[in-house]
1. Enter the accessible area of ASP61 (Å², nearest 10), with the probe set to 1.4 Å and all protein chains included.
2. Which loop GluC sites (Glu not before Pro) in region 58-100, with loop taken from DSSP, have no more than 13 other Cβ atoms within 10 angstrom of their Cβ?
3. May I ask you to compute the full-extension gain from SER158 to ALA101, defined as 0.36 nm times their residue separation minus their alpha-carbon distance, rounded to one decimal in nm?
4. Using 7 Å Cα-to-Cβ label points, what is the ARG40/ILE148 separation (nm, one decimal)?
5. So how far apart, in nm, are the two label points at ALA137 and GLN18 if each is 7 Å from Cα heading toward Cβ?
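The values are calculated or read from the model by the stated rules, or taken from the named source; none is laboratory data. Remember, it's a predicted structure, so these values are computed and weren't measured experimentally. With ideal geometry, Cβ positions are generated from the backbone for all residues, glycine too; neighbour counts draw on all protein chains shown. When the accessible area is computed, the model is the full protein with side chains, heavy atoms only, and any ligands, DNA or RNA have been set aside. Shrake-Rupley method; radii C 1.70, N 1.55, O 1.52, S 1.80 Å.
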Amino acid sequence: MSVRRVAALSMHTSPLAQPGRGDGGGLNVYVRSLASALARAGVPCDVFTRAERPDLPMVVDVEPGVRVVHIEAGPRAEVPKEQLPDLVDEFTEGVRAFMEASAEPYDVLHAHYWLSAVAAHTLKHALAEEIILVTLAHIIFLWHFRSILIVTVPLPLSILVSFILMEKFGISSNIMSLSGIAIAIGVLVDAGI
């Protein structure tokens, strides 16, 4: 499976922030450079960050293939770092709502800094809950054991095979690889239905 679209979460700093001003330092420069490199390689990247100013539009096209998506989480003002953990749930829901409304799915969910990782972790668990709900829907509506097996068994089996191959080839279980597996599960569910 080739990566067609990446969602990068950078809750506490925007790639549009001026380096050296406020909390703008190395990470926002890195996130922007990463998104730009992905776009040049043919992989569009949306960077999700918290809307910190009232004049920011929801989506800013930075360059071809790179967009910054401003998510409403807390006030549209600078918030001290100590208060940002209180906004993670609101940020996560905003990212989820934007992704669900998006015409194209994201193949990879990549997080920067621990606050963004918490949001990505929550989104990962939401995907796991969806797998359980799909399996239950298969059981309830099909009521035919062989049909249930045909559409349900590939889900855990594909995850098991993925982890075995990741171990064999030395690929770590980081947020990018786990996000790729989550996207692949969505493809399997669509194919199974």
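1. The accessible area of ASP61 comes to roughly 120 Å².
2. Working: sites: GLU72, GLU78, GLU82, GLU90, GLU93, GLU100; in loops: GLU72, GLU78.
Those satisfying the criteria are GLU78.
3. Gain in length upon complete extension: 17.8 nm.
4. Output for this residue pair reads 5.3 nm.
5. 4.9 nm
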